[in-house]
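The structure under discussion appears below in the form of structure tokens.
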Amino acid sequence: MRLGMFIVCSLLLTGAALGAVPSWVQPGLVVSYDGISASLIGGEPQNGVYTVMTTQVDSASRDAVSGTTKVYIPSASMGGWSYSWQTSEGDPWKDVHRFWVDPADPSSSVKGPNGEVLSIVGQEPFSYGGRSWDATLMAYKNEETGTEYHLTFETKTGLILAYTEMYPSQNTFLYFKSISQEPSSQAANTWEDGGNGGITFSKNSGNSIKDAIVISNAKSDEEGVDAEYAYLEKKYGQRNVDWKLITQSLITNNDKDYDKMDIELSDGTMLTVYFDITDFLGKF
């Protein structure tokens with residue numbers, strides 16, 4: 001009998017899930033943003049300063065990235081400056097180098113400058129510089145201080161398209177300008193599990209059958225099911241510590257086969273993750 005047909009378990013667990021760095025974030029990638037910073041006088045922006053920020057990735061893994069950012073100020077005699085940085089998934093927003101979120105778990109992927117949680121507030125098209133994207137909007141607002149953070153990312157890839165910090169005395173805006181390799185390319189939409197014989201997973205969200213995570217190159221049912229759990233552990237942490245499986249069931253829809261995984265995170269959050277297992281179902 002196939003191992004992944006139907007499983008029920010109920011174990012206590014503790015811990016927290018973090019996002020994952022999108023696979024298109026690779027060493028050598030270069031991303032540029034337009035930036036505008038302005039003081040507020042009487043609620044109106046004054047003395048705005050235009051900048052161009054160019055970031056190159058030096059190293060990248062599933063949960064951490066390092067790189068170098070150059071800040072150019074056309075109006076300044078000094079021209080600008082550069083600095084090196086390193087950040088991990090779930091870290092607060094730091095300076096101007098962050099250009100991605102995990103599209104499947106954006107609120108866990110990045111926090112506000114002081115660790116604030118940015119919530120998804122909607123989806124709508126976003127346009128800048130003559131280009132348009134299907135985008136997701138996130139926001140945080142402190143009613144007492146008037147501080148607001150707004151983040152817009154491309155829904156499919158997690159590329160940050162715009163970021164705003166709004167304080168009573170100053171506003172800062174960042175807008176996506178260019179990237180050396182488009183994250184929507186095929187190579188950007190899969191990542192390889194190096195410890196699992198070259199098995200690949202599509203970079204779909206897994207939130208529905210329509211957007212199920214496609215597993216390819218598994219040599220057998222058993223290897224494919226193992227890959228599903230390996231994916232969940234890389235995404236959400238250690239099984240039975242950071243999350244637990246509630247049910248696992250097989251679904252057939254439009255001549256394709258799916259595993260529906262209902263899991264519970266340590267904070268009580270219930271999630272359903274869909275895997276497209278058509279490629280390996282029935283292999284022995």
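The values are calculated or read from the model by the stated rules, or taken from the named source; none is laboratory data. Remember, it's a predicted structure, so these values are computed and weren't measured experimentally. In this analysis, Cβ positions are derived from the backbone assuming ideal geometry, glycine residues included, and neighbour counts consider all displayed protein chains.
So the values come out like this:
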{"read-out": "Meets criteria (at pLDDT 80 or above and either out of contact with any Phe, Trp or Tyr (no Cβ under 8 Å at 6 or more places or on another chain) or on the phi < 0 side of the Ramachandran plot (or both)) for Thr14", "value": "no"}
{"read-out": "Any chance Trp85 is farther than 22 Å from Lys203 by Cβ, under 21 Å from the mean Cα position of the chain (by Cα) and among the hydrophobic types (A, V, I, L, M, F, W, C)", "value": "yes"}
{"read-out": "Every residue from the range 57-75 that is loosely packed, with under 13 Cβ neighbours inside 10 Å and out of contact with any Ser or Thr (no Cβ under 7 Å at 6 or more places or on another chain)", "value": "Ser61, Pro74, Ser75"}
{"read-out": "Residue satisfying all of: in the range 204-223; outside any loop (DSSP other than H, G, I, E, B) and modelled with pLDDT of 85 or more; surrounded by the fewest Cβ atoms within 10 Å (Cβ to Cβ) among these", "value": "Ser216"}
{"read-out": "Only listed residue being of a type in the set (Ser, Thr, Tyr), under 18 Å from Asp63 (Cβ atoms) and either assigned to a loop (DSSP other than H, G, I, E, B) or under 21 Å from the mean Cα position of the chain (by Cα) (or both), chosen from Tyr231, Tyr274", "value": "Tyr231"}
{"read-out": "Any pair with Cβ under 6 angstrom, 6 or more apart, that starts in the range 267-284 at a residue that is of a type in the set (Ser, Thr, Tyr) and ends at one that is part of a loop (DSSP other than H, G, I, E, B)", "value": "Tyr274/Gly206; Tyr274/Ile209; Tyr274/Ala212"}
{"read-out": "Residues that are surrounded by 15 or more Cβ atoms within 10 Å (Cβ to Cβ) and in a strand (DSSP E or B), drawn from the range 107-127", "value": "Lys111, Phe126"}
{"read-out": "Looking only at the range 98-150, and only at residues there that are more than 15 Å from the chain's Cα centre (by Cα) and of a type in the set (Lys, Arg), the one that is nearest to Lys70 (Cα to Cα)", "value": "Arg131"}
{"read-out": "Failed condition for Trp191, given (1) at pLDDT 85 or above; (2) not assigned by TED's automatic domain parsing to the domain that holds Ala104", "value": "(1)"}
{"read-out": "The range 233-254 - residue that is more than 16 Å from Gly206 (Cα to Cα) and of a type in the set (Val, Ile, Thr) and, of those, surrounded by the most Cβ atoms within 10 Å (Cβ to Cβ)", "value": "Ile246"}
{"read-out": "Conditions (1) at pLDDT 85 or above; (2) within 18 Å of the chain's Cα centre (by Cα); (3) not aliphatic (A, V, I, L, M); number of the one not met by Ser178", "value": "(2)"}
{"read-out": "Any chance Ser184 is at pLDDT 90 or above and assigned to a loop (DSSP other than H, G, I, E, B)", "value": "no"}
{"read-out": "Top-ranked residue in the range 116-153 [being touching a residue at least 40 places away in the same chain (Cβ under 8 Å) and among the hydroxyl-bearing types (Ser, Thr, Tyr); ranked as nearest to Pro183 (Cα to Cα)]", "value": "Tyr128"}
{"read-out": "Selection count where residues are of a type in the set (Val, Ile, Thr) and either in contact (Cβ under 8 Å) with a residue 60 or more places away in the chain or assigned to a loop (DSSP other than H, G, I, E, B) (or both), scope the range 70-106", "value": "3"}
